[in-house]
1. Using θ = phi - 60° and the Karplus form 6.51 cos²θ - 1.76 cosθ + 1.60, what ³J(HN,Hα) does each residue of region 228-245 get, whole Hz, x for Gly and Pro?
2. Quote the relative contact order of region 2-219 in percent (integer), defining contacts as alpha-carbon pairs under 8 Å separated by 6+ residues.
3. If you take every residue apart from residue 343 with its C-beta less than 10 Å away from the C-beta of residue 343, what net charge results, scoring Lys and Arg +1 and Asp and Glu -1?
4. Quick query: amide H of residue 283 versus all other amide H atoms, modeled in the peptide plane; which residues come in under 5 Å with a sequence gap of 5 or more or a different chain?
5. Tell me which trypsin sites (Lys or Arg not before Pro) from region 465-551 have a DSSP coil assignment and no more than 16 other beta carbons within 10 Å of their own.
6. Taking R0 as 41 Å, what FRET efficiency do you get between residue 387 and residue 606 from their Cβ-Cβ distance, rounded to the nearest 0.05?
7. Please tell me the relative contact order of the chain in percent, rounded to the nearest whole number, where contacts are Cα pairs under 8 Å and at least six residues apart.
8. Taking the Cα atoms of region 2-219, report the difference between the largest and smallest coordinate on each principal axis, in whole Å and largest first.
Amino acid sequence: MCGIAGFTTLGSDRPVDAELLERMLSRLTHRGPDERGTATFPHVAIGNTRLSILDLEHGRQPIVNEDGSVVVVYNGELYNFPELRQELIAKGHRFQTETDTEVLVHLYEEVGENFVRRLNGMFAFALYDRNRDLLLVARDRFGVKPLFYAHVGECLYFSSEIKALRVAPEIDGALSPEGLSMALGLFFLTEPWTIYRDIQRLRPGHYLKVDRSGVTTVRYADWNLRDKTSITYAEAADRTAELLRQSVRRQMISDVPVGVLLSGGLDSRSIHYLATRQAPDAAAFTITFSESAFNEGDAAADWAHALGTPHHSMPFTVDDFCADYIERQRHLDEPYALWCNVASARLARFIHASGYKVVLGGDGGDELFLGYPTIQAAHIARWYRKLPEWIRRQVVTPLVHKLPAGSSKLPWSFMARSFVDADDPDIFRTFFGFKEVVRYRQWPELLTPEAYAMIKDIDPFIAHAQYLPEIRDLDLVDALSYLDMKVFLPGASLYGADNAYMASSVELRVPYLDNDLADFAASLPVSIRYSLWHTKPVLREALGKRILGQAEMGARAALRGYRKAGFEVPGSVWLRTPRFRQLIEDILSPQRLERTGFFRAEAIRRLLDDQLSLRQNNERVLQAICSIVLFLDR
């Protein structure tokens with residue numbers, strides 16, 4: 001796990017600036033504090049900051065092939081590298097290290113640029129072929145590892161984080177209307193946009209091909225939901241369990257200790273249990289809250305105790321949040337609103353201080369196996385639309401808006417309001433509406449005239465609309481699942497997690513996003529993968545009976561009586577405490593709002609008052625607004 005950066009002037013006579021590369025890498029030291037390496041050529045400069053996990057002594061980057069004609073810098077982990085390495089050795093390739101990185105140069109030698117299709121892992125890399133004067137800049141197929149780039153004038157710049165690109169003098173700081181629209185509508189940004197006009201995200205499953213003729217974007221992988229297998233429900237559960245075991249076994253490869261993020265749910269308990277089959281002392285790490293409705297610490301502790309493994313609990317309080325929030329927003333480089341990311345970043349520091357560089361997490365399971373209730377809500381919405389419009393608009397919606405706001409995790413009144421507010425003749429717009437935070441129709445009321453003029457023509461629905469041509473012929477469940485995989489997973493889950501954990505030099509691995517497991521999930525018929533009555537039916541069957549059902553009696557007893565809820569911080573509760581309320585009121589003060597010039601102060605005050613009086617649950621709206629205001633104020 002590392003940070004990478006570089007740039008190229010291929011196609012011009014302009015030489016590269018080695019000193020600029022050093023400045024870019026200095027912004028990425030937190031991603032790889034162990035070593036730094038660079039390679040510069042007349043028109044290509046690439047570099048790496050290394051977090052050493054495999055072959056600690058000899059894994060310094062850049063890494064080259066036997067004659068030095070192919071050179072690579074790499075961020076990530078390649079989980080099928082042992083098999084690829086043996087295959088390449090059998091074909092005569094000579095390895096100088098024990099790293100997964102070296103596989104890249106030899107596999108490229110063997111099969112050319114299509115080598116990227118054979119990689120199973122999380123990665124971003126830049127590979128330069130000196131003989132062909134060809135640069136490849138690639139990102140893994142699900143977007144676990146970030147990769148940003150800017151094609152400006154004669155230069156193509158790339159980096160693991162936006163902050164490294166911002167040192168390049170050619171990259172304009174002008175803001176992107178699409179990025180602002182998305183930050184407002186979704187409270188995160190997703191591919192291909194960023195908050196800056198000149199900087200883009202490289203889409204998952206894509207690479208940039210740069211040579212003397214220019215820059216070409218190539219898609220090398222997608223999540224294929226069209227090729228379905230013939231299988232029974234029991235066989236699907238058996239195979240899911242088998243593939244998850246295989247994935248965890250692969251992802252435990254490391255020359256340093258590996259820990260596990262542990263909550264109270266089946267997903268994380270299963271990963272922890274499988275990890276202990278490879279390393280009996282695999283430590284578990286859990287965030288705890290004093291607010292009981294949000295706390296999973298007791299359930300996690302019971303589970304770790306039943307397995308006899310080390311368990312580290314980190315309390316997270318309102319004071320911790322207030323101490324970390326503004327700095328966390330700064331490090332994210334662009335608006336990213338999820339308050340739980342502050343807790344994740346503090347846990348990463350706690351893990352690093354405990355002596356760990358690597359942990360396993362549960363991201364991706366919900367996308368693969370339909371863990372979000374918005375899929376069920378979309379089906380219910382089809383039935384709801386059979387009611388006459390006047391009943392929906394004039395009776396149901398006003399009644400729902402009168403419900404008390406609530407302060408628990410996703411209170412039912414909040415979900416009901418989201419449901420009625422998302423009502424639209426187009427089911428894809430309805431699905432987007434379930435996730436929309438500051439609704440498009442609210443913008444004239446909330447934004448200043450100048451801000452509204454800037455983004456009024458950019459509907460944040462573009463985040464989903466860009467994929468509609470590819471999915472309209474799919475079953476609705478598969479189509480909506482594809483949107484979650486392409487938009488929510490990389491934009492909301494993976495980007496925030498990578499940024500939070502790499503800020504403290506901790507590698508977060510995600511076993512659910514193993515290629516084999518993901519491809520199998522995509523091949524399942526909708527009738528097996530989906531249930532209207534509960535989420536993740538096949539995965540629950542696989543985890544509960546095939547994996548955790550094999551655990552010792554004490555561990556199985558620790559499973560009983562607990563219902564998993566999503567990871568959230570108690571923001572709606574904390575808003576009633578003096579310190580948290582003061583923090584939010586300072587961020588949303590009339591003076592700061594006037595200085596940033598994006599939101600109307602009186603409209604934002606009404607939102608905050610409605611939240612504090614429990615008339616409305618505006619917590620997510622406030623998260624989005626705070627992140628945008630803090631970004632603009634910087």
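Laboratory data are not the source of any read-out in this text; all were calculated from the coordinates shown. On a predicted model such as this, the values are computed, not experimentally measured, just so you know. So basically every Cβ, Gly included, is an ideal-geometry build from the backbone, and we count neighbours across all protein chains shown.
1. Once rounded to whole Hz, the list reads 9, 9, 9, 7, 8, 4, 5, 5, 5, 5, 4, 5, 4, 4, 4, 5, 5, 4.
2. With pairs under 8 Å counted, the relative contact order is 20 percent.
3. With Lys, Arg at +1 and Asp, Glu at -1, the neighbours total -1.
4. 260
5. Filter output for region 465-551: 472.
6. That pair, residue 387 with residue 606, gives E of 0.85.
7. Relative contact order for the chain comes out at 17 percent.
8. Reported extents, whole Å, longest axis first: 52, 39, 32.
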